[in-house]
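Trainee: Pasting a structure below so you can have a look.
The values are calculated or read from the model by the stated rules, or taken from the named source; none is laboratory data. All values derive from a computational prediction rather than experimental measurement. Cβ sites come from the backbone with ideal geometry, for glycine too, and all protein chains shown count toward neighbours.
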Ligand code: NAD
Ligand code: MG
């Protein structure tokens, strides 16, 4: 049977998810055509990717990279048209020719292009969890109003999506006989580290995840378990459930990617090697399955599956996120913003590892709650929290 060719824009192509996406797409060149790829730095890599995937457009987040990109394009003989800036990111996410948008920019910078894709009714493969945590129901509603589809790429949410019944009604667990969602997490690199030495954790140690190879921001978030906190909020929004419907389970082997518990005693789990190409491939052609280049799971080499509850003293950021979700959108928008500032300060070696939580907690304490729904109010709350968090970083540096 002849396949329909689908056209894709990959936002954040130079990142970990972006590279994995282009890898899966390249295995099925008869099914996908790359419309645009985007990146914020690594201009040379971006142009090499454009050459390899035959992308029609290349979008640079920063205007100042244009001359370098032009020179590399001429050296490499790349035909793609080079565009720059925020408007270009939004236009390649919403262009009429585009069927699929992979949202894989890290952080709040991904919000506007993802919203543009939602407004244009695209199939959105959502990796960029921060955009959903930051804007919450706004993104979901805009997607629904414009017949856009959001398919979860975060491995846990993709797993939950696979374990839910195919006729699951948004927000309605009980009609599907579901009693809870089990969100799993590895516990990161410091699951067994002596708590008294947490303040000595270096950037290199925090970025060295035992099971997954990821970008720096999500690696630090995994070490603090803020990643699981953001994922908790993401799960509430994506599946329309309450915080109380979600159980968080530590599973250090990262083979089970999440589960759904049913009232008859059944628990359905999704398993696989920790390789993001599985959820990416699942999202690209859902409901059809395609090869992803992922090694088959070898059960004979697995020694044990273990499970435990994440401890509050070790992972205070996770519990801050759970609390913020309970408070509402104003708090989750602020927490996401504060955490981006705190992680950046940690990566720049301006603060220590344990100060990430102090900044997040103190920002939530200092910020005024407000009604957050429109894009303007989301951006206002995000900006307000960033200002507060930056001030706290300075106070820490000055020893206040
Ligand atoms: P990464 O740091 O490897 O890549 C980020 C991409 O975003 C790069 O292409 C970078 O150039 C681009 N970018 C950064 N700042 C930008 C800006 N201001 N404007 C435009 N583009 C910008 O990150 P990643 O690990 O690929 O993660 C991407 C997203 O996917 C994150 O939201 C992360 O939480 C989520 N995610 C990642 C994984 C994973 O395994 N890496 C798993 C689940 C979810
Ligand atoms: Mg995840």
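Trainee: Pairs needed: first member in segment 223-236, on the phi > 0 side of the Ramachandran plot; second member anywhere, away from ligand 1 (no atom under 13 Å from the Cβ); C-beta distance under 6 Å; at least 6 residues apart or different chains.
Mentor: Listed by first residue and then by second, the contacts come to 225/315; 225/317; 225/318.
Trainee: Here are some conditions: (1) away from ligand 1 (no atom under 13 Å from the Cβ); (2) under 25 Å from the mean Cα position of the chain (by Cα); (3) surrounded by 19 or more Cβ atoms within 10 Å (Cβ to Cβ); (4) in a strand (DSSP E or B). Residue 36 meets all but one. Which one does it not meet?
Mentor: If we test residue 36 against (1) away from ligand 1 (no atom under 13 Å from the Cβ); (2) under 25 Å from the mean Cα position of the chain (by Cα); (3) surrounded by 19 or more Cβ atoms within 10 Å (Cβ to Cβ); (4) in a strand (DSSP E or B), just (1) comes out false.
Trainee: Is it the case that segment 60-80 has a residue that's under 23 Å from residue 146 (Cβ atoms) and within 15 Å of ligand 1 (Cβ to nearest atom)?
Mentor: No, the conditions are met nowhere in segment 60-80.
Trainee: From the set of residues in segment 203-222 that are part of a helix (DSSP H, G or I) and touching a residue at least 40 places away in the same chain (Cβ under 8 Å), which is farthest from residue 132 (Cα to Cα)?
Mentor: Within segment 203-222, the first condition is being part of a helix (DSSP H, G or I), and the residues that meet it are 203-206, 216-222.
Narrowing the set further to residues that are touching a residue at least 40 places away in the same chain (Cβ under 8 Å) leaves 203, 206, 216-218, 220-221.
Values: 203: 26, 206: 24, 216: 19, 217: 16, 218: 15, 220: 19, 221: 16 Å.
It comes out as 203.
Trainee: Just to be sure before I move on: is residue 314 surrounded by fewer than 20 Cβ atoms within 10 Å (Cβ to Cβ), assigned to a helix (DSSP H, G or I) and either touching a residue at least 60 places away in the same chain (Cβ under 8 Å) or in the same structural domain as residue 248 (by TED's automatic domain parsing) (or both) in the structure I sent? Before you say what the answer is, go through the steps one by one.
Mentor: Details: surrounded by fewer than 20 Cβ atoms within 10 Å (Cβ to Cβ): yes; assigned to a helix (DSSP H, G or I): no; either touching a residue at least 60 places away in the same chain (Cβ under 8 Å) or in the same structural domain as residue 248 (by TED's automatic domain parsing) (or both): yes.
The answer is no for residue 314.
Trainee: Do you know which residues across segment 212-231 are more than 11 Å from ligand 2 (Cβ to nearest atom) and surrounded by fewer than 24 Cβ atoms within 10 Å (Cβ to Cβ)?
Mentor: Result: 213, 215, 216, 217, 219.
Trainee: For segment 39-87, which residues satisfy the criterion of being crowded, with 19+ Cβ neighbours inside 10 Å and assigned to a helix (DSSP H, G or I)?
Mentor: Once the filter is applied, which keeps residues that are crowded, with 19+ Cβ neighbours inside 10 Å and assigned to a helix (DSSP H, G or I), segment 39-87 yields 43, 46, 47, 49, 50, 53, 65, 69, 72, 73.
Trainee: Restricting to segment 237-246, give me the number of residues that are part of a helix (DSSP H, G or I), more than 16 Å from ligand 1 (Cβ to nearest atom) and under 21 Å from residue 167 (Cβ atoms).
Mentor: Here the count works out to 2.
Trainee: Which one is farthest from ligand 2 (Cβ to nearest atom), of the residues in segment 141-178 that are part of a helix (DSSP H, G or I) and touching a helix residue (DSSP H, G or I) at 6+ places or on another chain (Cβ under 6 Å)? Step through it out loud before you land on a result.
Mentor: Pass one, segment 141-178, residues part of a helix (DSSP H, G or I): 141-145, 155-163, 174-176.
Right, trim to touching a helix residue (DSSP H, G or I) at 6+ places or on another chain (Cβ under 6 Å) and you get 142-143, 155-158.
Values: 142: 23, 143: 20, 155: 5, 156: 5, 157: 7, 158: 9 Å.
The extreme case among them is 142.
Trainee: Given 288, 234, 295, which one is within 16 Å of ligand 2 (Cβ to nearest atom) and either loosely packed, with under 14 Cβ neighbours inside 10 Å or under 30 Å from residue 7 (Cα atoms) (or both)? Spell out the reasoning first.
Mentor: Values: 288 fails: within 16 Å of ligand 2 (Cβ to nearest atom); 295 fails: within 16 Å of ligand 2 (Cβ to nearest atom).
Every option except 234 fails the conditions.
Trainee: Oh, and also: Going by the conditions given, is residue 86 away from ligand 1 (no atom under 16 Å from the Cβ) and in contact with a helix residue (DSSP H, G or I) (Cβ under 9 Å, 6 or more places away or on another chain)? Give the derivation first.
Mentor: On the way: away from ligand 1 (no atom under 16 Å from the Cβ): no; in contact with a helix residue (DSSP H, G or I) (Cβ under 9 Å, 6 or more places away or on another chain): yes.
For residue 86, the condition - away from ligand 1 (no atom under 16 Å from the Cβ) and in contact with a helix residue (DSSP H, G or I) (Cβ under 9 Å, 6 or more places away or on another chain) - is not met.
Trainee: Still on this structure, I have one more. Going by the structure shown, is residue 124 in a strand (DSSP E or B), without any contact (Cβ under 8 Å) to a residue 60 or more places away in the chain and within 16 Å of ligand 1 (Cβ to nearest atom)? Give the derivation first.
Mentor: On the way: in a strand (DSSP E or B): yes; without any contact (Cβ under 8 Å) to a residue 60 or more places away in the chain: yes; within 16 Å of ligand 1 (Cβ to nearest atom): yes.
Taking the combined requirement at face value, the residue satisfies it.
Trainee: Related question: Can you pull out every residue in segment 154-195 that is over 18 Å from the mean Cα position of the chain (by Cα) and within 16 Å of ligand 1 (Cβ to nearest atom)? Before you say what the answer is, go through the steps one by one.
Mentor: Start the filter on segment 154-195 by keeping residues that are over 18 Å from the mean Cα position of the chain (by Cα), which leaves 163-182, 189-195.
Residue satisfying the conditions is 189 alone.
Trainee: Now a separate question. Confirm whether residue 351 is more than 23 Å from the chain's Cα centre (by Cα) and closer than 25 Å to residue 222 by Cβ. Please lay out each step first, then the result.
Mentor: Details: more than 23 Å from the chain's Cα centre (by Cα): yes; closer than 25 Å to residue 222 by Cβ: yes.
Judged against the criteria, residue 351 is a match.
Trainee: Can you work out which of the residues in segment 253-267 that are more than 23 Å from the chain's Cα centre (by Cα) and part of a strand (DSSP E or B) is surrounded by the fewest Cβ atoms within 10 Å (Cβ to Cβ)? Spell out the reasoning first.
Mentor: Here is the first cut: in segment 253-267, the residues more than 23 Å from the chain's Cα centre (by Cα) are 261-267.
Filter once more, so that each one left must be part of a strand (DSSP E or B): 261-262, 267.
Numbers: 261: 19, 262: 16, 267: 13.
So, considering only residues that are more than 23 Å from the chain's Cα centre (by Cα) and part of a strand (DSSP E or B), the one surrounded by the fewest Cβ atoms within 10 Å (Cβ to Cβ) is 267.
Trainee: Confirm whether residue 341 is in contact with a helix residue (DSSP H, G or I) (Cβ under 9 Å, 6 or more places away or on another chain), in a helix (DSSP H, G or I) and touching a residue at least 24 places away in the same chain (Cβ under 8 Å).
Mentor: Details: in contact with a helix residue (DSSP H, G or I) (Cβ under 9 Å, 6 or more places away or on another chain): yes; in a helix (DSSP H, G or I): yes; touching a residue at least 24 places away in the same chain (Cβ under 8 Å): yes.
When the stated conditions are applied, residue 341 passes them.
Trainee: Can you tell me which of 132, 126, 182 is touching a strand residue (DSSP E or B) at 6+ places or on another chain (Cβ under 8 Å) and outside the structural domain of residue 10 (by TED's automatic domain parsing)?
Mentor: On the way: 132 fails: outside the structural domain of residue 10 (by TED's automatic domain parsing); 126 fails: outside the structural domain of residue 10 (by TED's automatic domain parsing).
Among 132, 126, 182, only 182 is touching a strand residue (DSSP E or B) at 6+ places or on another chain (Cβ under 8 Å) and outside the structural domain of residue 10 (by TED's automatic domain parsing).
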